[in-house]
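The structure appears right after this line, and notes come after that.
The values are calculated or read from the model by the stated rules, or taken from the named source; none is laboratory data. Since the model is a prediction, treat every value here as computed from it, not as a measurement. Because the Cβ atoms are built from the backbone with ideal geometry, glycine has one as well, and the counts that use them run over all protein chains shown. With ligands, DNA and RNA removed, areas are computed over all heavy atoms of the protein, side chains included. Shrake-Rupley method; radii C 1.70, N 1.55, O 1.52, S 1.80 Å.
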Amino acid sequence: MREILLAKYGELALKGLNRGSFESQLLRTVRKRTAAAGNFKVSKAQSTIYVEPLDENCDIDGACRQLTRIFGIASISRAAECPKDLDSIFETAAAYLKESLENAATFKVSAKRSDKTFPLNSMELSKELGAFLLERYPRLSVKMDDPDLSITVEVRDFAAYVHAGRIEAAGGIPAPTSGRAAVMLSGGIDSPVAAFLMAKRGLDLCAVHFQSPPYTSERALDKVERIAARLSIYTGNLALLCVPFTDVQLAIRDHAPEGFFTLIMRRSMVRITRMLCECEHCGAMVTGESLGQVASQTLQAITCTDEAAAGVPILRPLIGMDKTEIVSMARKIGTFDISIEPYEDCCTLFTPKHPKTKPKLADVIRAEAGIPDLHALEETAAGTFHVRMKHFFD
Ligand code: ATP
Ligand code: MG
């Protein structure tokens, strides 16, 4: 008896004409990510991706874990494969699900027959398998609504598959279906969650991080690298572009009116990220801003930030989320524990006591005009980034 993985698409199935290219993209990603777990055959049929171990050394658990993290896959079933005849299906179900059958009090069987040449229809097959299992396990009873054990048998083109229960996967749509974007990644809690959510919507990402040595430490940078590494479990390869921001930040500190410091710094980050978007072929930026969370995230401040993007959209997937919701998602994706490490990033430097919460764009632009060489400093920063890491996924 061979155990294989059946991965079901989510929304992808709805995408009409583009479906073919989405499927091929997903297959490529599945091949790449499962390769580390062994020699698997990856193929697709009938809206399902089949991941079949080709030898004894394959790590099915490892491959399954990889699949749960691939955007575009909605659920995974671990299934036993058998020939398409009743006796084989009966014996495979009894053997493969032995432990679950012994521990359950109630069960139900659902059959799906996509091979219409199979002599029994779905209803008949469900009944026959149910009757067989009842005879084998007389202690069991059938319960259609919320049973302890829900058994599925699928009769497909080349074989039948028996499984019980599905493992929920990441959902979303596969990258780069939606194109490419640059996520502004700080060491905080929010921006990693924002990156995760936009990758889930099919965006291929690169990450941009602003650092201000010697005010920010190597450890702060190391922290962001580990956040990026954690994210790359979901995104696949993720380039982290580290931008030297000290000179820009000092110029703002020395020449901007105090209450404007944070907002002008954010606009500078956005202008630099926009320049990087051009060379990295990104059609949007992503930030972890959430409405009203801090002074630089009021509507007026966001209006000023957007203007600096000069038409490149800034995607803010957390805009309507509470901090508690963001934190629980950060925990779920495994970035929270890294984010709360104490090493400070450049945003916490030089922050004014009384930042403007209702800035007017004209005032901000005037304040920027008073900062000597601001745009030249930004251009230099954009031109001297270095890529810290590219391939991290386990
Ligand atoms: P986060 O938890 O993501 O740092 P935050 O609530 O601390 O967010 P801010 O510090 O105001 O908010 O930053 C707003 C957004 O600006 C961040 O979500 C992030 O996208 C971006 N950002 C802030 N600091 C940096 C940085 N050093 N490098 C890159 N992007 C940054
Ligand atoms: Mg922050």
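Kindly check whether there is at least one residue in segment 189-210 that is of a type in the set (Lys, Arg) and closer than 21 Å to residue 93 by Cα. Among the residues of segment 189-210, not one is of a type in the set (Lys, Arg) and closer than 21 Å to residue 93 by Cα, which makes the answer no.
Take residue 29 and decide whether it is more than 14 Å from residue 5 (Cβ to Cβ), at pLDDT 90 or above and in a helix (DSSP H, G or I). For residue 29, the condition - more than 14 Å from residue 5 (Cβ to Cβ), at pLDDT 90 or above and in a helix (DSSP H, G or I) - is met. Note on segment 333-347: among residues that are part of a loop (DSSP other than H, G, I, E, B) and either more than 17 Å from residue 246 (Cα to Cα) or open to solvent by 100 Å² or more (accessible area, probe 1.4 Å) (or both), the one that is nearest to ligand 2 (Cβ to nearest atom) is 344.
When each of 166, 180 is tested for being more than 14 Å from residue 285 (Cβ to Cβ), of a type in the set (D, E, K, R) and more than 16 Å from ligand 2 (Cβ to nearest atom), the lone residue that passes is 166. Here residue 238 meets the list (1) more than 17 Å from the chain's Cα centre (by Cα); (2) hydrophobic (A, V, I, L, M, F, W, C); (3) closer than 18 Å to residue 385 by Cα almost entirely, failing just condition (1).
May I ask you to list the residues in segment 250-262 that are open to solvent by less than 50 Å² (accessible area, probe 1.4 Å) and more than 10 Å from ligand 1 (Cβ to nearest atom)? Quick ask: steps written out before the conclusion?
Taking segment 250-262 and keeping what is open to solvent by less than 50 Å² (accessible area, probe 1.4 Å), we get 250-252, 256, 259-262.
Of everything in segment 250-262, those that are open to solvent by less than 50 Å² (accessible area, probe 1.4 Å) and more than 10 Å from ligand 1 (Cβ to nearest atom) turn out to be 250, 251, 252, 256, 259, 260, 261.
Somewhere in segment 352-373, is a residue assigned to a loop (DSSP other than H, G, I, E, B), of a type in the set (A, V, I, L, M, F, W, C) and modelled with pLDDT of 95 or more? Let's see the steps before the verdict.
To start, the set of residues in segment 352-373 that are assigned to a loop (DSSP other than H, G, I, E, B) comprises 352-360, 370-373.
Going one step further and asking which of them are of a type in the set (A, V, I, L, M, F, W, C), we end up with 371.
Still in the running and modelled with pLDDT of 95 or more: 371.
Yes.
Would you mind finding the one in 380, 324 that is in contact with an Asp or Glu (Cβ under 8 Å, 6 or more places away or on another chain) and open to solvent by 80 Å² or more (accessible area, probe 1.4 Å)?
380
Listed conditions (1) touching a helix residue (DSSP H, G or I) at 6+ places or on another chain (Cβ under 9 Å); (2) at pLDDT below 95; (3) more than 16 Å from ligand 2 (Cβ to nearest atom) are all met by residue 187, apart from (3). Any residue at all in segment 348-356 that is under 18 Å from residue 184 (Cα atoms) and open to solvent by less than 70 Å² (accessible area, probe 1.4 Å)? Taking every residue of segment 348-356 in turn, at least one turns out to be under 18 Å from residue 184 (Cα atoms) and open to solvent by less than 70 Å² (accessible area, probe 1.4 Å).
Return yes or no: is residue 291 touching a Gly at 6+ places or on another chain (Cβ under 9 Å), open to solvent by 60 Å² or more (accessible area, probe 1.4 Å), within 16 Å of ligand 2 (Cβ to nearest atom) and modelled with pLDDT under 95? Working first, answer last.
Working: touching a Gly at 6+ places or on another chain (Cβ under 9 Å): yes; open to solvent by 60 Å² or more (accessible area, probe 1.4 Å): yes; within 16 Å of ligand 2 (Cβ to nearest atom): yes; modelled with pLDDT under 95: yes.
When the stated conditions are applied, residue 291 passes them.
Residue count for segment 160-169 satisfying the condition of being small (Gly, Ala, Ser) and either surrounded by fewer than 19 Cβ atoms within 10 Å (Cβ to Cβ) or free of Cβ contacts under 8 Å to residues at least 40 places away in the same chain (or both): 1.
Across segment 86-103, what is the number of residues that are without any contact (Cβ under 8 Å) to a residue 12 or more places away in the chain and either over 37 Å from the mean Cα position of the chain (by Cα) or surrounded by 15 or more Cβ atoms within 10 Å (Cβ to Cβ) (or both)?
Summing the residues that are without any contact (Cβ under 8 Å) to a residue 12 or more places away in the chain and either over 37 Å from the mean Cα position of the chain (by Cα) or surrounded by 15 or more Cβ atoms within 10 Å (Cβ to Cβ) (or both) in segment 86-103 gives 2.
What pairs can you find where one residue is in segment 280-295 and at positive phi, the other is outside any loop (DSSP other than H, G, I, E, B) and surrounded by fewer than 16 Cβ atoms within 10 Å (Cβ to Cβ), and their Cβ atoms are less than 9 Å apart, with a gap of 6+ or different chains? Once the first residue is at positive phi and sits in segment 280-295, its partners that are outside any loop (DSSP other than H, G, I, E, B) and surrounded by fewer than 16 Cβ atoms within 10 Å (Cβ to Cβ) give 281/179; 292/299. Of all residues in segment 212-235, count the ones that are closer than 21 Å to residue 268 by Cβ and under 25 Å from the mean Cα position of the chain (by Cα). Qualifying residue count for the region: 3.
Give me the residue from segment 115-154 that is part of a helix (DSSP H, G or I) and small (Gly, Ala, Ser) and, out of that set, most open to solvent (accessible area, probe 1.4 Å).
Of all residues in segment 115-154, those part of a helix (DSSP H, G or I) come to 122-136.
Applying the additional criterion that residues be small (Gly, Ala, Ser) yields 122, 126, 130-131.
On the way: 122: 37, 126: 22, 130: 10, 131: 54 Å².
Within segment 115-154, the match that is most open to solvent (accessible area, probe 1.4 Å) is 131.
From 302, 333, 365, grab the single residue that is in contact (Cβ under 8 Å) with a residue 60 or more places away in the chain and either more than 20 Å from residue 252 (Cα to Cα) or not acidic (Asp, Glu) (or both).
Values: 302 fails: in contact (Cβ under 8 Å) with a residue 60 or more places away in the chain; 365 fails: in contact (Cβ under 8 Å) with a residue 60 or more places away in the chain.
Among 302, 333, 365, only 333 is in contact (Cβ under 8 Å) with a residue 60 or more places away in the chain and either more than 20 Å from residue 252 (Cα to Cα) or not acidic (Asp, Glu) (or both).
Restricted to segment 196-212, and to residues there that are over 17 Å from residue 385 (Cα atoms) and assigned to a strand (DSSP E or B), the residue that is nearest to ligand 1 (Cβ to nearest atom) is 203. The residues of segment 277-298 that are more than 6 Å from ligand 1 (Cβ to nearest atom) and under 15 Å from residue 208 (Cβ atoms), listed by number, are 277, 278, 279, 280, 281, 282, 283, 284, 285, 286. Within segment 213-234, the set of residues being in contact with a Leu (Cβ under 6 Å, 6 or more places away or on another chain), of a type outside the set (A, V, I, L, M, F, W, C) and within 16 Å of ligand 2 (Cβ to nearest atom) comprises just one member, 215. Here residue 106 passes the criteria (1) in contact with a Leu (Cβ under 8 Å, 6 or more places away or on another chain); (2) open to solvent by less than 20 Å² (accessible area, probe 1.4 Å); (3) farther than 30 Å from residue 234 by Cβ except the one numbered (2).
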